[in-house]
Amino acid sequence: ARTESSLMVRYCADFEAQYTRRITIITALKEALVTGSELSLVYQPKLHMSSLSITHVEALLRWNSVSLGFVPPDEFIAVAEQSGLIKDVTHWVINRAISDVQAMKQQGVNVCVAINLAASDILNDDLLPMIIDKSMQAGLTNENLAFEITESDLVADHQLAIQQLSRYREAGYSLAIDDFGTGYSSMAYLKNLPVTDLKIDKSFVLKLANNESDQQIVQTIIGLAHSFGLQVIAEGVEDKASLALLNHWKCEYAQGYFISRPAPLNEIIVWIQKYKD
Ligand code: C2E
Ligand code: CA
Ligand code: CA
Ligand code: CA
């Protein structure tokens with residue numbers, strides 16, 4: 001009985017610590033969204049393998065909090081999703097991404113920026129009109145923005161997801177299924193989704209060159225995607241041998257530290273300009 005009660009005390013202490021951390025994050029993130037100064041976007045290129053060109057990048061959110069230090073996106077995005085703050089986070093990301101694309105274009109770098117959306121963003125009817133409106137004002141085309149949605153988020157209400165995603169496609173935006181392979185989607189499910197790209201989760205790619213079962217999985221996913229007319233992006237490419245395998249299997253895009261880490265706007269502009277010559 002004694003161990004049981006001490007376990008209970010431990011459990012409660014852990015629970016309380018987690019709860020406190022969540023509340024602290026919510027409070028600090030609200031503040032950060034108002035001032036904006038602690039938030040930034042970094043960009044990671046996607047290498048188009050057959051042309052060896054950089055036409056696409058992904059926007060990734062960074063939060064350097066004065067009170068909490070660096071908070072990993074996986075942590076604060078999850079808290080934002082649970083607390084309803086994600087709507088404001090996504091607004092911030094979209095506004096910043098649009099003005100960054102504008103800045104890139106002014107410096108002769110015309111790329112497509114992919115923005116990560118949460119499930120609740122897809123269900124929010126106001127978001128797409130806002131995106132179209134803001135990007136028109138900034139002089140962007142629908143080829144300057146694309147969206148990534150995590151596989152597991154799409155499974156919950158399949159019919160509604162299809163309907164909402166179709167609106168993005170009608171507006172001319174490319175859509176990628178993110179983290180593919182980690183969820184439970186079937187082939188029938190994939191066939192009906194109005195998406196253009198499929199992103200293979202980095203857990204299958206990180207050790208690709210040394211792991212035969214990962215090689216089987218990745219090859220199968222690429223074949224499956226191509227049979228549905230989807231382009232494939234492999235994330236988490238960390239070495240040359242993995243890049244060579246992906247190229248051999250006709251994977252369209254590769255993304256990962258071997259090509260470039262995510263970098264701030266000014267660095268990524270210079271990186272892409274240098275890459276072009
Ligand atoms: P994700 O969309 O699957 O993004 C890929 C993650 O892998 C990023 O982590 C990226 O920095 C990291 N990564 C890229 N290349 C490599 C590599 O070669 N090796 C390894 N080990 N990692 C690599 P990050 O930036 O920490 O973001 C984590 C997750 O947070 C993202 O996963 C995404 O789900 C979420 N996230 C980030 N920014 C946003 C955002 O603006 N909005 C939303 N809704 N979610 C975001
Ligand atoms: Ca992503
Ligand atoms: Ca991923
Ligand atoms: Ca993810």
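The values are calculated or read from the model by the stated rules, or taken from the named source; none is laboratory data. Since this is a predicted model, take the numbers as computed values, not measurements. Backbone-built Cβ (ideal geometry, glycine too); neighbour counts: all protein chains shown. The accessibility values were calculated without ligands, DNA or RNA, using every heavy atom of the protein model including side chains. Shrake-Rupley method; radii C 1.70, N 1.55, O 1.52, S 1.80 Å.
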Practice problem: Consider residue 207 carefully, then state whether it is basic (Lys, Arg) and open to solvent by 30 Å² or more (accessible area, probe 1.4 Å). | Solution: yes
Practice problem: Would you please list the contacts, defined by Cβ atoms under 7 Å and residues six or more apart or on different chains, that run from a residue in the stretch 139-166 that is more than 16 Å from ligand 1 (Cβ to nearest atom) to a residue that is β-branched (Val, Ile, Thr) and in a helix (DSSP H, G or I)? | Solution: 140/98; 140/101; 144/101
Practice problem: Considering only the stretch 124-173, state which residues are surrounded by 15 or more Cβ atoms within 10 Å (Cβ to Cβ), of a type in the set (Asp, Glu) and at pLDDT 95 or above. | Solution: 148
Quiz item: Looking at (1) under 20 Å from residue 125 (Cβ atoms); (2) aliphatic (A, V, I, L, M); (3) within 13 Å of ligand 2 (Cβ to nearest atom), which is the only condition residue 177 fails?
Solution: (1)
Self-check item: Tally of residues being surrounded by fewer than 18 Cβ atoms within 10 Å (Cβ to Cβ) and either modelled with pLDDT under 95 or touching a Ser or Thr at 6+ places or on another chain (Cβ under 9 Å) (or both) across the stretch 239-257
Solution: 2
Exercise. Would you be able to tell me the number of residues in the stretch 1-27 that are surrounded by fewer than 11 Cβ atoms within 10 Å (Cβ to Cβ) and either outside any helix (DSSP H, G or I) or touching a Ser or Thr at 6+ places or on another chain (Cβ under 8 Å) (or both)?
Key: 1
Self-check item: Scope the stretch 63-92; condition outside any helix (DSSP H, G or I) and either within 15 Å of ligand 4 (Cβ to nearest atom) or among the small types (Gly, Ala, Ser) (or both); matching residues
Solution: 65, 67, 69, 72, 84
Quiz item: Which ones in the stretch 91-122 are exposed (fewer than 15 other Cβ atoms within 10 Å of the Cβ) and in contact with a Leu (Cβ under 9 Å, 6 or more places away or on another chain)?
Solution: 103
Quiz item: (1) within 20 Å of residue 62 (Cα to Cα); (2) open to solvent by 50 Å² or more (accessible area, probe 1.4 Å): which one isn't true of residue 260, the others all being true?
Solution: (2)
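Conditions tested, residue by residue: (1) acidic (Asp, Glu); (2) closer than 30 Å to residue 246 by Cβ; (3) within 16 Å of ligand 1 (Cβ to nearest atom).
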residue: 34; (1), (2), (3): no, no, no
residue: 45; (1), (2), (3): no, yes, yes
residue: 96; (1), (2), (3): no, no, yes
residue: 132; (1), (2), (3): no, no, no
Quiz item: Somewhere in the stretch 28-49, is a residue part of a strand (DSSP E or B), exposed (fewer than 14 other Cβ atoms within 10 Å of the Cβ) and on the phi > 0 side of the Ramachandran plot?
Solution: no
Quiz item: Looking at residue 153, is it of a type in the set (D, E, K, R), farther than 19 Å from residue 55 by Cα and within 14 Å of ligand 2 (Cβ to nearest atom)?
Solution: yes
